[in-house]
1. Apply the Karplus parameterisation 6.51 cos²θ - 1.76 cosθ + 1.60, with θ equal to phi minus 60°, to every residue of segment 104-113 and state each ³J(HN,Hα) to the nearest whole Hz, in sequence, with x for glycine and proline.
2. Only Cα pairs within less than 10 Å get springs; with that Gaussian network setup on the chain, which residue of Lys51, Lys241, Lys303 has the largest fluctuation?
3. Below 13 angstrom from the Cβ of Ala193, what's the summed charge of the other residues (Lys, Arg +1; Asp, Glu -1)?
4. Leaving ligands and nucleic acids out of the surface, order Cys196, Cys73, Cys68 by accessible area at 1.4 Å, largest first.
5. Calculate the spin-label point distance for Arg227 paired with Lys119, positioning each point 7 Å from the Cα along the beta-carbon direction, and give it in nanometres.
6. Once the other residues with Cβ under 10 Å from the Cβ of Val176 are scored (Lys, Arg +1; Asp, Glu -1), what is the net sum?
7. Under a cut-off of 29 Å between alpha-carbon atoms, report the lysines in cross-link reach of Lys303, not counting same-chain residues fewer than 8 places apart.
8. With a 10 Å radius around each residue's Cβ, average the other Cβ atoms per peptide and rank 175-184, 147-156, highest first.
Amino acid sequence: MLTLLKLLKDGRFHSGQALGAALGISRSAVWKQLQHLEADLGLSVHKVRGKGYQLAKPLLLLDVAQICANGLCEWPVHVFDSIDSTNAEALRSIERGVQAPFLVLAERQIAGRGRRGRKWVSPFADNLYHSLVLRIDGGMRQIEGLSLVVGLAVMHALRDMGIAEAALKWPNDVLVGDKKIAGILLELVGDPADVCHVVLGVGINVNMRSTDEVDQQWTSMSLESGRDFDRNELVARLGAKLQQYLALHHEAGFAAIQSEWERFHLWQGRAVSLIAGVNRIDGVVMGIDHQGALRLKVDGVEKTFSGGELSLRLRDDS
Ligand code: BTN
């Protein structure tokens, strides 16, 4: 089915006969595969008598050679047409002994993972599903604030590509205004005090223009700019930003990044509720500490909070 898609991706008309000949299958088998393309991948195919078949819009698929041509050649890149989750595949690869660093990308995820057990909506060829695997052997300091560092790198990559309003929400959401454009999920295996591997999972809404599956306010690069983006260029730009910020974090720790992160924090000084499972703490955001923990003023007293299961909401009186 995906071989057929690769023949159609130029957005031109292709006759059933030519497609059948290229694939070594009958015209009716081509027809069946086209129906699957529409049903399984949510793609729209125009069918015109006498002309053949044409994708409603051309597809720019992920391509390792293009990613390297755009400047990111250092990391081995594994691209999947369809996978449960790039984070899950990254964890399986670590288990199999694949040497880090490496990058796992997919055109779609059928079980994309979000934070706090949520699903991450991952339609085919629209967005970026990106898991970078690093080996960490510098102890806990190399992990402190790491997800915030990744958020900062993602935000800068988006700004480089013209999404000038991209900004941060603690701990690691990237927003435009009050709408989410990217999310980050870190997963760790091994002993963080000794040697471990960390999977830096990044999902960016790139060319997605509509979905009724996302249960929070969202936007995408194309909705913000009115144009479509080449995801191969985005992977390379994100790679460059990750290399820059991960190196700084490695050399100087999170403290070297703290004040820059705060400058881009949308909710500095805002009245928020911190949600931890069924518990809720109301306070005012003061900033973050040198390890990336949230500093909140609660009933006049400063308190710090950290942990992957926490999330922030704006209060009505903020
Ligand atoms: C969030 O809830 O904000 C985090 C979303 C993280 C989604 C990305 S997409 C690539 C990687 N693979 C996954 O299954 N999840 C992360």
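The values are calculated or read from the model by the stated rules, or taken from the named source; none is laboratory data. Quick caveat, the model's predicted, so the values are computed rather than measured. Backbone-built Cβ (ideal geometry, glycine too); neighbour counts: all protein chains shown. Just the protein is used for accessible areas: all its heavy atoms, side chains included, with ligands, DNA and RNA removed. Shrake-Rupley method; radii C 1.70, N 1.55, O 1.52, S 1.80 Å.
1. Computed from phi, the couplings for segment 104-113 are 10, 10, 9, 6, 8, 10, 9, 9, x, 9 Hz.
2. In the Gaussian network model the winner is Lys51.
3. In short, -3.
4. If we order Cys196, Cys73, Cys68 from most to least accessible, we get Cys73, Cys68, Cys196.
5. Modelled inter-label distance: 3.4 nm.
6. Every neighbour counted, the sum reads -1.
7. Lys169, Lys179, Lys180
8. The packing order, highest mean first, is 147-156, 175-184.
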